[in-house]
Protein chains: 2
Amino acid sequence: MSGARIVIVGAGFGGLQAARKLSGRGFELLLIDRHNYHLFQPLLYQVATAGLEPEHVAKSVRALLREHDDVRFLMAEVEGINLAARRIFTTSGELEFDYLVLAAGAENQTFSLPGIEAHSLPLKDLDDAVVLRNRLLGAFERASRTPDPVQRRAGLHFIIIGGGATGVEMAGALTELIEHVMRRDFPELDFDEVGVSLLEARDRLLPGMDPDLSEAARVALEDKGVRVRLEARVLSYDGKTLDVEGIDPIRTNNVIWTAGVRASRLVRELGVEHGPAGRAMVRQTLQLAVHPEVFVIGDAAYPEHIGKSLPMMAPVAIQMADHAAVNIVRLERGQTLLPFKFSDPGRLATIGRNAAVAQIGRLKFTGFGAWLIWLVVHLLRLIGFRNKLMVFLSWAWEYIFYDRAVRIIHGETPHPEQSSG
Amino acid sequence: MSGARIVIVGAGFGGLQAARKLSGRGFELLLIDRHNYHLFQPLLYQVATAGLEPEHVAKSVRALLREHDDVRFLMAEVEGINLAARRIFTTSGELEFDYLVLAAGAENQTFSLPGIEAHSLPLKDLDDAVVLRNRLLGAFERASRTPDPVQRRAGLHFIIIGGGATGVEMAGALTELIEHVMRRDFPELDFDEVGVSLLEARDRLLPGMDPDLSEAARVALEDKGVRVRLEARVLSYDGKTLDVEGIDPIRTNNVIWTAGVRASRLVRELGVEHGPAGRAMVRQTLQLAVHPEVFVIGDAAYPEHIGKSLPMMAPVAIQMADHAAVNIVRLERGQTLLPFKFSDPGRLATIGRNAAVAQIGRLKFTGFGAWLIWLVVHLLRLIGFRNKLMVFLSWAWEYIFYDRAVRIIHGETPHPEQSSG
């Protein structure tokens, strides 16, 4: 074929899949990411709760592309794109493209709520997860040497904001870390002083799923000891006190923010039409309206013809990547482009040991069955055989011994005691 | 017994062993460490060369002490000790002791050589290993986007200073990372531009071992492509150019320093008699001469009666911990204290795949036999069954696939490109 130069921005699920699908077709392919690894985001919360090693949810992009000689990789940050000139500006210089596949993903968003950005802990990338792990483990160490009970309670109250899948999974995993592990590690602490709360602004958890499952998740979390507060609108947080509409201020040193994401800055600043959450509006072919040589996929894209936001999850990104690759090839061949159709593979959220909720088509599952589905799906999707093996062993270990073995405070925050009061 | 309060400083091999041995004897025990984990230092170089996950060479101290109800753990930095007042000053307040077991270990030492401390990379703790991993992997990413061949060569020249076990093992592992992995990951690079050098000031590598083994190690490293320079005395390093006595200045961005350690600052500032490398001089009972209630063990101690420095390695620390524990119990019982006798278990250093040197009593081993001994000894010594299992699997994976799977740039250095030029 043509030897056209295709630049793919982002080595997440979408970008990686696009690179693989476009490989072997005579293109000159360049994949750019600011990290040298592909991240399996769905398991980040298990890194944050000391169940998995950070390295086991990440894999070297170059390792993943070894079989694809025609794909080059550049580790650099993309600082801007000039669509008209077909140029990309990166921390490592400028690049030109004939086609662009923009798979730049999403980032944390705190809706300008006062103090949230500065004081809360996000859970969006690998560094976030390690910072959070250190904070959680450090909170118990700090409490063990804090004589004042009021300070101790504030240090041991963990509030998760956002009742989507990440918030629900984080809340479940955190209570298990506390009940199965911290309780045994810290015999000197009074665990009545420890609390986990999950706050959701809407009237139910997991708004993307069937209401029955939302309710099942709520009950399962409360059984584990999570205090679930629905219709709780967060107003502000100063690092010590969380203000929530209509209730008394809550003293806590630990606010975990999972309540919002939006398209990455690069996409929001693209100068094109945007859908909700700053996602770039694309035609049914996944092209930008004014720049048919640019395809936007995954969390970065809002496919106008579907008329609603697609969930920001791996299967969507992968389906769109496959579709964009097909359409680029058709474009090169002068064929008519095909419209993207989303096939919903279902939704899953795990609440903890033997507990999950799953929705696949019209089927709904809860409890042990849903949990097994969750396990199998995540193991299959996790990239790299070594990671699959290591994660499987970690899960088996955790399940048998009620353990979370990776509870070391290391990296990111030199001394956790310095981080907050 | 008495309920005497024993404080143990340091949760390395010595401190941890002392805590275990003193447990169950009626003492009030407190173990202090600035980290919440015990570190298996002998495998740090494998973390630095992307072979092992950092989490697999570390284990939560509290997990290790679960069976010992009478041992409390405090995560804090010890800032000073007032021996006369029997008080310890920590980042978390003051403590009193009846007995002190000082197992504070060793730290990196650069002998005030200009620029070494500021610009070279040490390999002494877990953060060092991760910084080094990021630097090594980042060097190749950076080279792949560096058009100037002189800059590229400087970025791809790795110089290890110090031909002791750590330097030798690091040099061997680094060449394997380069030859087995980087060569396949970076088809765009010319590997003639990559170099690994090992510099040793004395006339042979592994000075603690038999000269035959020193020579075997040198030959094995050179076979792997390491440039070994003996009697090479480093003068200074400015981050770009390394000055070595008698030879032309060497352009390199990567200097790894394994040439010196000394007792930790806490020990050096103790105000007692010191042996070489700032180690506290102890009597044959392992007590300080003036303060018989203080026992110093491991890297921190210089047992005067032996008349020479003992190697800074785990078996020494563990033997001394056992001995200090016995003597504390005897002291409490009013019995005569016993003199410490060191039983040398031998020395091991691995050079890489199927290659190591070992000295056990009068027996010397090289090649595959020594490598097998090294593997078995390190697996047995590694603490925690889960870590043993994970490390064994990592080694098997590496051996079968010639892989180093943990090659992700993450944590510690936000963007490796900022670190040097």
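The values are calculated or read from the model by the stated rules, or taken from the named source; none is laboratory data. As the structure is a prediction and not an experimental result, all values here were calculated from the model. A quick note on method: Cβ atoms are made from the backbone with ideal geometry, for glycine too, and the neighbour counts reach across all protein chains shown. What goes into the accessible areas is simple: the full protein's heavy atoms, side chains included, and nothing from ligands, DNA or RNA. Shrake-Rupley method; radii C 1.70, N 1.55, O 1.52, S 1.80 Å.
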Item to check | Residue selected from region A:264-289 under the condition small (Gly, Ala, Ser) and touching a residue at least 60 places away in the same chain (Cβ under 8 Å), by the criterion surrounded by the fewest Cβ atoms within 10 Å (Cβ to Cβ) | outcome: A:Gly271
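Taking into account only those residues within region A:27-38 that are open to solvent by less than 20 Å² (accessible area, probe 1.4 Å) and touching a Leu at 6+ places or on another chain (Cβ under 9 Å), which is farthest from A:Met170 (Cα to Cα)?
The first filter runs over region A:27-38 and keeps only residues open to solvent by less than 20 Å² (accessible area, probe 1.4 Å), leaving A:27, A:29-32, A:36-38.
Narrowing further to those that are touching a Leu at 6+ places or on another chain (Cβ under 9 Å): A:29-32, A:36-38.
Working: A:Leu29: 37, A:Leu30: 35, A:Leu31: 31, A:Ile32: 30, A:Asn36: 26, A:Tyr37: 23, A:His38: 21 Å.
Ranking the qualifying residues of region A:27-38, first place goes to A:Leu29.
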Item to check | Any hit, region A:371-386, residues being within 26 Å of A:Ala216 (Cβ to Cβ), open to solvent by less than 20 Å² (accessible area, probe 1.4 Å) and within 14 Å of another protein chain (Cβ to nearest Cβ) | outcome: yes
Next on the checklist: Exactly one of these conditions fails for A:Leu43: (1) within 11 Å of chain B (Cβ to nearest Cβ); (2) closer than 30 Å to A:Asn134 by Cβ; (3) open to solvent by less than 20 Å² (accessible area, probe 1.4 Å). Give me its number.
Outcome noted: (1)
Next on the checklist: Being within 14 Å of chain B (Cβ to nearest Cβ), open to solvent by less than 10 Å² (accessible area, probe 1.4 Å) and closer than 20 Å to A:Leu52 by Cβ: is that true of A:Met170 here?
Outcome noted: no
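Being outside any strand (DSSP E or B), acidic (Asp, Glu) and under 30 Å from A:Glu55 (Cβ atoms): is that true of A:Glu107 here? It would help to see each step written out before you state the result.
On the way: outside any strand (DSSP E or B): no; acidic (Asp, Glu): yes; under 30 Å from A:Glu55 (Cβ atoms): yes.
Against the criterion (outside any strand (DSSP E or B), acidic (Asp, Glu) and under 30 Å from A:Glu55 (Cβ atoms)), A:Glu107 does not qualify.
Taking B:Pro292 as the residue in question, decide whether it is out of contact with any strand residue (DSSP E or B) (no Cβ under 7 Å at 6 or more places or on another chain) and either free of Cβ contacts under 8 Å to residues at least 60 places away in the same chain or open to solvent by less than 40 Å² (accessible area, probe 1.4 Å) (or both).
Numbers: out of contact with any strand residue (DSSP E or B) (no Cβ under 7 Å at 6 or more places or on another chain): yes; either free of Cβ contacts under 8 Å to residues at least 60 places away in the same chain or open to solvent by less than 40 Å² (accessible area, probe 1.4 Å) (or both): yes.
Taking the combined requirement at face value, the residue satisfies it.
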Item to check | Every residue from region B:343-370 that is open to solvent by 60 Å² or more (accessible area, probe 1.4 Å) and among the basic types (Lys, Arg) | outcome: B:Arg362, B:Lys364
Checklist outcome for this item: Going through (1) buried (at least 24 other Cβ atoms within 10 Å of the Cβ); (2) more than 9 Å from every other protein chain (Cβ to nearest Cβ) one by one, B:Glu55 fails only at (2)
Checklist entry - Quick one: in region A:179-230, which of the residues that are among the aliphatic types (A, V, I, L, M) and within 14 Å of another protein chain (Cβ to nearest Cβ) is surrounded by the fewest Cβ atoms within 10 Å (Cβ to Cβ)? => result A:Leu189
Next on the checklist: Considering only region B:331-342, I want to know if a residue exists there that is open to solvent by 40 Å² or more (accessible area, probe 1.4 Å), more than 30 Å from B:Pro292 (Cβ to Cβ) and among the aliphatic types (A, V, I, L, M).
Outcome noted: no
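Residues that are small (Gly, Ala, Ser), surrounded by fewer than 17 Cβ atoms within 10 Å (Cβ to Cβ) and within 27 Å of A:Thr49 (Cα to Cα): does region A:313-324 have at least one?
no
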Checklist outcome for this item: Exception for B:Arg183 within (1) without any contact (Cβ under 8 Å) to a residue 12 or more places away in the chain; (2) part of a helix (DSSP H, G or I); (3) touching a strand residue (DSSP E or B) at 6+ places or on another chain (Cβ under 8 Å) falls at (3)
Item to check | Members of region A:116-133 found to be away from chain B (no Cβ under 13 Å) and open to solvent by 30 Å² or more (accessible area, probe 1.4 Å), listed by number | outcome: A:Glu117, A:Ala118, A:His119, A:Pro122, A:Lys124
Checklist entry - Just wondering, is there one or more residues in region A:323-338 that are in a helix (DSSP H, G or I), away from chain B (no Cβ under 14 Å) and under 20 Å from the mean Cα position of the chain (by Cα)? => result no
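Which count do you get for residues in region A:235-249 that are on the phi < 0 side of the Ramachandran plot and either open to solvent by less than 20 Å² (accessible area, probe 1.4 Å) or among the charged types (D, E, K, R) (or both)?
Taking region A:235-249 and keeping what is on the phi < 0 side of the Ramachandran plot, we get A:235-238, A:240-245, A:247-249.
Going one step further and asking which of them are either open to solvent by less than 20 Å² (accessible area, probe 1.4 Å) or among the charged types (D, E, K, R) (or both), we end up with A:237-238, A:240, A:242-245, A:248.
Total meeting the criteria: 8.
Residues checked against (1) within 26 Å of the chain's Cα centre (by Cα); (2) of a type in the set (A, V, I, L, M); (3) at positive phi; (4) at pLDDT 95 or above:
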site: B:Ile6; (1), (2), (3), (4): no, yes, no, yes
site: B:Gly15; (1), (2), (3), (4): yes, no, no, yes
site: B:Tyr37; (1), (2), (3), (4): yes, no, no, yes
site: B:Gln46; (1), (2), (3), (4): yes, no, no, yes
site: B:Thr49; (1), (2), (3), (4): yes, no, no, yes
site: B:Arg62; (1), (2), (3), (4): yes, no, no, yes
site: B:Arg86; (1), (2), (3), (4): no, no, yes, yes
site: B:Thr90; (1), (2), (3), (4): yes, no, no, yes
site: B:Asp98; (1), (2), (3), (4): no, no, no, yes
Checklist entry - Tell me, which strands (runs of 3 or more DSSP E) lie completely within region A:219-267 with 1 or more residues that are small (Gly, Ala, Ser) and modelled with pLDDT of 95 or more? => result A:234-237, A:261-263
Item to check | Subset tally (residues that are in a helix (DSSP H, G or I), open to solvent by less than 30 Å² (accessible area, probe 1.4 Å) and in contact with a helix residue (DSSP H, G or I) (Cβ under 6 Å, 6 or more places away or on another chain)) for region B:387-406 | outcome: 3
